[in-house]
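K.L.:
Encoded as structure tokens, here's the structure I'll be asking about.
The values are calculated or read from the model by the stated rules, or taken from the named source; none is laboratory data. These numbers were taken from a predicted model, which means no experiment stands behind them. No Cβ is skipped: glycine too gets one built from the backbone with ideal geometry, and neighbour counts run over all protein chains shown. Surface areas here come from the heavy atoms of the whole protein model, side chains and all, with no ligands, DNA or RNA. Shrake-Rupley method; radii C 1.70, N 1.55, O 1.52, S 1.80 Å.
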Protein chains: 2
Amino acid sequence: MGLEPPRVVAQLRELQQLTGDENGAQRVAWTETWDRARDWLDGLLAGLPLERERDEAGNDWWTLRGDSERAVLIGGHIDSVPSGGWLDGCLNVVAGAEVLRRIAAAGKPPVTMRLVNWADEEGARFGRSLFGSSAAGGSMRDQDELGRLVDRDGVGLPEALAASGIDLAHASDAQAQLANAAAYLELHIEQGPVLESMDIPLGVVLGTFGVERSRFTWRGQAAHAGSTPMDKRRDALAGAAKLALHIREIAAEVGGGAVCTSGGVVTKPGIVTSVVETAEQLLDQRHLGAASLARLLELARSAATRFAAEENLEVEWERIWSIEPILFDETLIGFCDNAIAEVAGRSHRLPSGPLHDAAEVSRAGVPTVMMFVQSLRGLSHTKLEDTHDADLELAVQAFDRLASRTIEWVAGGGGR
Amino acid sequence: MGLEPPRVVAQLRELQQLTGDENGAQRVAWTETWDRARDWLDGLLAGLPLERERDEAGNDWWTLRGDSERAVLIGGHIDSVPSGGWLDGCLNVVAGAEVLRRIAAAGKPPVTMRLVNWADEEGARFGRSLFGSSAAGGSMRDQDELGRLVDRDGVGLPEALAASGIDLAHASDAQAQLANAAAYLELHIEQGPVLESMDIPLGVVLGTFGVERSRFTWRGQAAHAGSTPMDKRRDALAGAAKLALHIREIAAEVGGGAVCTSGGVVTKPGIVTSVVETAEQLLDQRHLGAASLARLLELARSAATRFAAEENLEVEWERIWSIEPILFDETLIGFCDNAIAEVAGRSHRLPSGPLHDAAEVSRAGVPTVMMFVQSLRGLSHTKLEDTHDADLELAVQAFDRLASRTIEWVAGGGGR
């Protein structure tokens, strides 16, 4: 029984029927719809010689024992944002199940194969993403803070976890699951416009961007729009406007795929009859290289200082969040590149802007790679999210080749 | 009994004691504190040979009959914004009372002299400014809309007017008050930084700015801050930022005291992880010349069209309010200039950014001029509003000279 990529597409549509509505996918973690999706996934794998386990963080594992205990992991997440798309997350686990079925049908493999459905990747209900993978990866160190999270109905995260049989205090015990992990593979839709713009169906992910998030606060002087001549003004909006435009030059100067976004500016008093006294500006900067990321931030800060002087303003900034870049494994990147080139003719290497469970596994020291399949119009987290069926089928084929090559490598002593 | 400028300053401080608190002046129209201020003003004029009248719009008039019925009017307003300054509005009526006292003491004047305390210049309680002067000037044509105004406690304007004995339906009957008006004079603090920056105590007001208020709406595409390369973005904030900076060049190009203000920008979705999809930008443009004002707006619109093309955005605009410029009387401007130069050594001609009751009287066809006295730090509508005592005294002196010259002019057949 060989690989059947069209079946993956059919199963994804079936899942959407079962757990979506006219507004899109509704598989929000820690809800009944999510449970229904998890049960459905179990059904896909029924009858295969797999060990089934739910770990302390709510991650579901299916294990095909091989000659060696050292394991190749395939991971994804079946949860979605509210009114999400039909592919984000679930593509990974449904394609992974198909690959596992193909391998199991060929007899006992040389190394152990495991599929994991990570719990609550999206963080849609409680605002904390990568729940299950951060528990298993060992980076979940904020249990006190997690214990205080509530959803918009006032239900606490610990209470919602308990309803699923999970004890927050023991979630990190899931780290034991990675003890024998030699390599980790994840397939995902791109959620961006790059592959479509290049007319390439599949790409290799080099890693996940490091992120620097800052809030710049510009302070000038409120003044009457009618009685204050232009040369007597200290307009806080002018500082924010200059930086909003200049971040494009900063990104171009640093290069290497750098992105900078001024996601919002809030002006006070914000009325038509007054020069802006205070402007609060959000800045998000991302890069795959730690030094380049630091340079992006440095250039933004020095430009802000210069603009404040030009406009006779005060400016200050605070870091509101940051995460270092995660670089995927070079050997696995090579395998992924080859698998894509064999199946699709050509490949493209690109960074991932969004975070993924793969970043948590990689941070835990497991050699990791991700494969991206083209997203139409770059849309995700909406029911409009889509990918051509033909590209999905190519993705399953290429991902299966990547899995085979990785098994060989680990069997030969490669991986962790 | 000659003019006593220091008495005006002392009376203004007395009024502040009586009707202000630690947060500033509290003489909001249609409140008990305002009534107390109006009664106090009556007291200042007690004993003089004046006819006292309250018209249908709540304006208070004191009339000193002269040889001719043709009248020179001095006007101001004793109402203030909540927690306002000690000079805005009341300077005019208190100085006017002193001038009237000086003229009355000299015997029957050749023309009639009238002092008017306009009702509700600020519009602080119901959001409609220039209530009394627009009723008398004839521009109050929105009685239906006025009838629906409510304060923040839910009290309707008609109800509040009735408590002061005013019937909204008959407020416009106050127009009869201007029947014999030959000229109108008003003294006010500048409420801006121009005179202070030139170190000149007094200035002649050329008129009140015309205003064009617009809302520009920029539309791009929301996109993930991590997965969207810089060259694939349609950032609505970029359009708003370019216009916010470019309005300074537009004001400089048109010149003649032009001012342009981008008082606020609202971004959507306004989150750190998304490129801005929509930016709503408020624009306020002012000029003393109608053609120049039209040119300011035209330049802003053509720049917006250009920026939208550069940034691959859509842009649209709507006019949210506009008023034409009001030019004061050239003869009276000359009298005012001379009076200032005689008293203060030198004068300066400047436009008024804020509107004033004088604009309503001027629009009604009465030859009008205003005199400004320097404001410290350009501050107004705050308890920090201030002017040097010496400058206030100079203002009373110069304003008295202006009144004398205007009386001569009207007596000789000048004015309306």
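K.L.:
If A:ALA303 passes every condition in (1) at the interface with chain B (Cβ under 7 Å from one of its Cβ atoms); (2) out of contact with any strand residue (DSSP E or B) (no Cβ under 9 Å at 6 or more places or on another chain); (3) touching a residue at least 40 places away in the same chain (Cβ under 8 Å) but one, which one does it miss?
P.N.:
Going through the list (1) at the interface with chain B (Cβ under 7 Å from one of its Cβ atoms); (2) out of contact with any strand residue (DSSP E or B) (no Cβ under 9 Å at 6 or more places or on another chain); (3) touching a residue at least 40 places away in the same chain (Cβ under 8 Å), A:ALA303 breaks only (1).
K.L.:
Look at B:LEU299 and say whether it is touching a His at 6+ places or on another chain (Cβ under 9 Å) and more than 22 Å from A:GLY270 (Cα to Cα).
P.N.:
Yes, satisfied.
K.L.:
What pairs come up if the first residue lies in the stretch A:60-72 and is within 26 Å of A:ILE166 (Cβ to Cβ), the second is of a type in the set (Gly, Ala, Ser), and their beta carbons are under 7 Å apart, counting only those six or more places apart or on different chains?
P.N.:
Pairs found: A:LEU64/A:ALA104; A:ALA71/A:ALA181; A:ALA71/A:ALA182.
K.L.:
Could I ask something else about it? Residues being within 13 Å of chain B (Cβ to nearest Cβ) and surrounded by fewer than 20 Cβ atoms within 10 Å (Cβ to Cβ): count how many of those fall in the stretch A:316-369.
P.N.:
8
K.L.:
While we're looking at this one, here's another question. Tell me which of these A:GLY270 doesn't satisfy, since it passes every other one: (1) surrounded by 19 or more Cβ atoms within 10 Å (Cβ to Cβ); (2) within 13 Å of chain B (Cβ to nearest Cβ); (3) assigned to a loop (DSSP other than H, G, I, E, B); (4) not aromatic (Phe, Trp, Tyr).
P.N.:
So the condition that A:GLY270 fails would be (1).
K.L.:
Here is a follow-up. Within the stretch A:227-249, which residues are more than 7 Å from chain B (Cβ to nearest Cβ) and either of a type in the set (Gly, Ala, Ser) or in contact with a strand residue (DSSP E or B) (Cβ under 7 Å, 6 or more places away or on another chain) (or both)?
P.N.:
The answer is A:ALA236, A:GLY239, A:ALA240, A:LEU243, A:ILE247.
K.L.:
Restricting the search to the stretch A:31-44, which residues are touching a residue at least 24 places away in the same chain (Cβ under 8 Å) and surrounded by fewer than 19 Cβ atoms within 10 Å (Cβ to Cβ)?
P.N.:
Result: A:ASP35, A:TRP40.
K.L.:
Looking only at the stretch A:196-226, which residues are in contact (Cβ under 8 Å) with a residue 40 or more places away in the chain, open to solvent by 10 Å² or more (accessible area, probe 1.4 Å), within 38 Å of the chain's Cα centre (by Cα) and facing another protein chain (nearest Cβ under 9 Å)?
P.N.:
Matches in the stretch A:196-226: A:ARG213, A:ARG215.
K.L.:
Given the criteria open to solvent by 10 Å² or more (accessible area, probe 1.4 Å), touching a strand residue (DSSP E or B) at 6+ places or on another chain (Cβ under 7 Å) and not small (Gly, Ala, Ser), does B:VAL276 qualify?
P.N.:
Considered against the rule, which asks whether it is open to solvent by 10 Å² or more (accessible area, probe 1.4 Å), touching a strand residue (DSSP E or B) at 6+ places or on another chain (Cβ under 7 Å) and not small (Gly, Ala, Ser), B:VAL276 comes out as no.
K.L.:
A follow-up question, please. Going residue by residue through the stretch A:152-167, is there one that turns out to be away from every other protein chain (no Cβ under 14 Å) and among the basic types (Lys, Arg)?
P.N.:
Yes, the stretch A:152-167 contains at least one residue that is away from every other protein chain (no Cβ under 14 Å) and among the basic types (Lys, Arg).
K.L.:
Go through A:ALA309, A:ALA252 for me and flag whichever is of a type outside the set (S, T, N, Q), open to solvent by 30 Å² or more (accessible area, probe 1.4 Å) and either facing chain B (nearest Cβ under 9 Å) or part of a strand (DSSP E or B) (or both).
P.N.:
A:ALA252
K.L.:
What is the number of the single condition among (1) among the acidic types (Asp, Glu); (2) crowded, with 20+ Cβ neighbours inside 10 Å; (3) more than 23 Å from B:ARG125 (Cβ to Cβ) that B:GLU53 does not meet?
P.N.:
Every listed condition holds for B:GLU53 apart from (2).
K.L.:
To continue, here is another question. Given the conditions (1) open to solvent by less than 10 Å² (accessible area, probe 1.4 Å); (2) hydroxyl-bearing (Ser, Thr, Tyr); (3) within 14 Å of chain A (Cβ to nearest Cβ), report the number of the one that B:THR382 does not fulfil.
P.N.:
It fails just one condition, (1).
K.L.:
Being in contact (Cβ under 8 Å) with a residue 40 or more places away in the chain and among the aliphatic types (A, V, I, L, M) is the filter here; which residues of the stretch A:266-286 pass it?
P.N.:
If the condition is that a residue be in contact (Cβ under 8 Å) with a residue 40 or more places away in the chain and among the aliphatic types (A, V, I, L, M), then A:VAL272, A:VAL275, A:VAL276, A:ALA279, A:LEU282, A:LEU283 are the ones that fit.
K.L.:
Name every residue in the stretch A:1-33 that is hydrophobic (A, V, I, L, M, F, W, C) and under 30 Å from A:GLY107 (Cα atoms), in order of residue number.
P.N.:
A:MET1, A:LEU3, A:VAL8, A:VAL9, A:ALA10, A:LEU12, A:LEU15
K.L.:
Another question about this same structure. Take the stretch A:62-81 and flag every residue that is open to solvent by less than 10 Å² (accessible area, probe 1.4 Å) and over 24 Å from A:GLY413 (Cβ atoms).
P.N.:
Across the stretch A:62-81, the qualifying residues are A:TRP62, A:GLY76, A:HIS77, A:ILE78, A:ASP79, A:SER80.
K.L.:
Then there is this: So which residues in the stretch B:370-379 are in a loop (DSSP other than H, G, I, E, B) and buried (at least 23 other Cβ atoms within 10 Å of the Cβ)?
P.N.:
Of everything in the stretch B:370-379, those that are in a loop (DSSP other than H, G, I, E, B) and buried (at least 23 other Cβ atoms within 10 Å of the Cβ) turn out to be B:GLN374, B:SER375.
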